[in-house]
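S.K.: Just dropping this structure here.
The values are calculated or read from the model by the stated rules, or taken from the named source; none is laboratory data. What you are looking at is a predicted structure, and each value in this text was computed from that prediction instead of being measured. Cβ placement follows ideal geometry from the backbone for every residue including glycine, while neighbour counts extend to all protein chains displayed.
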Amino acid sequence: MLDLLRIDYSSWGENKMEKNTDVIIGLAYGDEGKGKVATYLSKDADIALRCTGGNNAGHTIQIDGQKLVFHLVPTGIINQDTIGIIGNGTVLDLNVLVEEIKKLENLGVDISKLKISTRAHVILPYHLIEDQMQEKLKGNGKVGTTGRGIGPAYADKINRIGFRMKDLYEDDFEEKLKRNIENKNRIFKVFEMPTINYEEVLEKLNIQKAVLKPHIVDTVAYLQDNADKHIVVEGAQAAMLDINLGDYPMVTSSNPNIGGILNGSGISLQRINKIIGVVKAYASKVGEGPFITEQDNKTGDLIRTLGHEFGSTTGRPRRCGWLDLVSLKRVSQINGITDLNLNHLDTVGKLDKIKLCTAYKYKGAILTTYDDKIIGHEDEVECIYEEFEGNFDAENITEYDKLPEKAKTYVKRIEKVTGIPVTYIGTGADNKHMIVRK
């Protein structure tokens, strides 16, 4: 009997996971240029993966002068040999997804390479109405969402009344959908919101289901079966918008940090090679909420103009300001950032003076690390800035040694304060305008 309980440990460790996954995470409020570095890195990758958020993300890339905006499909799929995966942590508006697939097919992208998780949740028409209703009810406390139903879809997921992609093909799907719509309509009538027609929703869903069915797979199993492949994970939104660790309540409804990446994909931490944090050489934000380094003045207007700061998903003008290294250090530590990608260095070079926030002054104390005691009192925080010379031309430079010394000084100071190497530097709109430091 004792022999049966003996365990042979000799084979343990033979299947040690390879560190072959590079993760890209935004470190501010989104719109940092994650799509650019994701596309750049995925040209040598086997798999490009999106696994958090929904179509509130708009990843814009420019290749040979042609601008492409992605909302759900990972940008890396445009590379000939790269598989595109939408993971289980996403929420999917099927109208947007089907339209995006059609556009990519028209551009000649091999969309047969796209795989969609069976576990990804679906945004339904009633989620968009709920989003509008909830923002309306919040009054002056509104969050400033994109109105695309992201939050309500995640809420239904947590409330266990959501639909995963696999659920759309189950025998009881129509019955559950009808029940959900009836319950939602009862609420909409109370708050004088538009109601949903079950038959119309079902008819459209049936068309979309037929288009998407060939792409739906168990992506967790697929990633495990391809443990030897090089994966690039394209994060959505950003760490300061994380539902747990961001500037709550002015946050997104998911976890766009490293924890959300792991949970939204099923990838093991052991497989992570690099965690690349993306920031701009200045800062920007869309929506309500605190923005300590915001320049609501002529400087902010100039940055917005030079950086073309208008949302790729909403078209809204972004709030602009200086790069906040206090916040950057905090989110970098939380996410275990190994490398920084600094974008728009060419943009700040067009300014006479550039500033970096390296500390806060709050109630007489100097803070060089972020502290939650400032939450709700951001308007009482005074930023301590270091000033740098601008008026340098970094546009379209692709070699670090060719950067002007003033640009290098700015980059080196960011490295010094954060303790993280700036490995990737964006110097222009096109994907090829990238410096990679070895």
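S.K.: Residues being in a loop (DSSP other than H, G, I, E, B) and either at pLDDT 95 or above or more than 19 Å from G33 (Cα to Cα) (or both): count how many of those fall in segment 397-436.
M.R.: Looking only at segment 397-436, we keep the residues that are in a loop (DSSP other than H, G, I, E, B), and these are 397-399, 403-404, 419-421, 427-433.
This time we only want the ones that are either at pLDDT 95 or above or more than 19 Å from G33 (Cα to Cα) (or both), so: 397-399, 403-404, 419-421, 427.
Total meeting the criteria: 9.
S.K.: Here's something else I'd like to know. Would you say N273 is under 12 Å from the mean Cα position of the chain (by Cα), modelled with pLDDT of 95 or more, over 12 Å from D31 (Cβ atoms) and not assigned by TED's automatic domain parsing to the domain that holds P152?
M.R.: Numbers: under 12 Å from the mean Cα position of the chain (by Cα): no; modelled with pLDDT of 95 or more: yes; over 12 Å from D31 (Cβ atoms): yes; not assigned by TED's automatic domain parsing to the domain that holds P152: yes.
Judged against the criteria, N273 is not a match.
S.K.: If you don't mind, another one. Answer with yes or no whether G349 is of a type in the set (G, A, S), over 16 Å from Q295 (Cβ atoms) and surrounded by fewer than 17 Cβ atoms within 10 Å (Cβ to Cβ).
M.R.: Numbers: of a type in the set (G, A, S): yes; over 16 Å from Q295 (Cβ atoms): yes; surrounded by fewer than 17 Cβ atoms within 10 Å (Cβ to Cβ): no.
Answer is no for this residue.
S.K.: Considering only residues that are within 28 Å of G260 (Cα to Cα), of a type in the set (V, I, T) and surrounded by fewer than 13 Cβ atoms within 10 Å (Cβ to Cβ), which ones fall in segment 142-192?
M.R.: Answer for segment 142-192, where residues must be within 28 Å of G260 (Cα to Cα), of a type in the set (V, I, T) and surrounded by fewer than 13 Cβ atoms within 10 Å (Cβ to Cβ): just I158.
S.K.: I'm told E234 meets every condition in (1) modelled with pLDDT under 95; (2) of a type outside the set (K, R); (3) over 23 Å from I78 (Cα atoms) except one. Can you identify the failing condition by its number?
M.R.: Tallying (1) modelled with pLDDT under 95; (2) of a type outside the set (K, R); (3) over 23 Å from I78 (Cα atoms), E234 fails exactly one: (3).
S.K.: Let me ask you something else. Please go through (1) within 21 Å of G300 (Cβ to Cβ); (2) in a helix (DSSP H, G or I); (3) acidic (D, E) for E387 and return the number of the only condition it doesn't satisfy.
M.R.: (2)
S.K.: Then there is this: Residues being at positive phi and surrounded by 21 or more Cβ atoms within 10 Å (Cβ to Cβ): count how many of those fall in segment 263-305.
M.R.: Initially, segment 263-305 is screened for residues at positive phi, giving 266, 287, 289.
Now drop any that are not surrounded by 21 or more Cβ atoms within 10 Å (Cβ to Cβ), which leaves 287.
Qualifying residue count for the region: 1.
S.K.: Here's something else I'd like to know. Having 2 or more residues that are touching a His at 6+ places or on another chain (Cβ under 9 Å) is the bar; report the strands (runs of 3 or more DSSP E) wholly within segment 89-133 that clear it. If you could, list the steps in order and put the result at the bottom.
M.R.: Details: elements: 91-93, 114-117, 121-123.
Hits in segment 89-133: 91-93, 114-117.
S.K.: Is it the case that some residue within segment 145-159 is part of a loop (DSSP other than H, G, I, E, B) and farther than 25 Å from D31 by Cα? Before the answer, list the steps.
M.R.: Kept after step one, since they are part of a loop (DSSP other than H, G, I, E, B), are these residues of segment 145-159: 145-149, 159.
Of the ones still in play, those that are also farther than 25 Å from D31 by Cα are 159.
Yes, segment 145-159 has at least one match.
S.K.: Within segment 285-298, is there a residue that is in the same structural domain as V98 (by TED's automatic domain parsing), within 15 Å of the chain's Cα centre (by Cα) and closer than 25 Å to L340 by Cα?
M.R.: The first filter runs over segment 285-298 and keeps only residues in the same structural domain as V98 (by TED's automatic domain parsing), leaving 285-298.
Checking which are within 15 Å of the chain's Cα centre (by Cα) leaves us with 285-286.
Applying the additional criterion that residues be closer than 25 Å to L340 by Cα yields 285-286.
Looking through segment 285-298, at least one residue is in the same structural domain as V98 (by TED's automatic domain parsing), within 15 Å of the chain's Cα centre (by Cα) and closer than 25 Å to L340 by Cα.
S.K.: Something else: From the list I83, I111, which one is surrounded by fewer than 20 Cβ atoms within 10 Å (Cβ to Cβ), of a type outside the set (S, T, N, Q) and at pLDDT 95 or above?
M.R.: Numbers: I83 fails: surrounded by fewer than 20 Cβ atoms within 10 Å (Cβ to Cβ).
Matching residue, one of I83, I111: I111.
S.K.: Name the single residue, out of those in segment 354-384 being touching a Ser or Thr at 6+ places or on another chain (Cβ under 9 Å) and part of a loop (DSSP other than H, G, I, E, B), that is modelled with the lowest pLDDT.
M.R.: Result: Y370.
S.K.: Still on this model: Among the residues of segment 204-227, which ones are closer than 11 Å to I267 by Cα and either touching a Pro at 6+ places or on another chain (Cβ under 9 Å) or among the small types (G, A, S) (or both)?
M.R.: The answer is A221, A227.
S.K.: For segment 272-298, name all the residues that are over 26 Å from G147 (Cβ atoms) and either in contact with a Lys or Arg (Cβ under 6 Å, 6 or more places away or on another chain) or without any contact (Cβ under 8 Å) to a residue 40 or more places away in the chain (or both).
M.R.: N273, Q295, N297, K298
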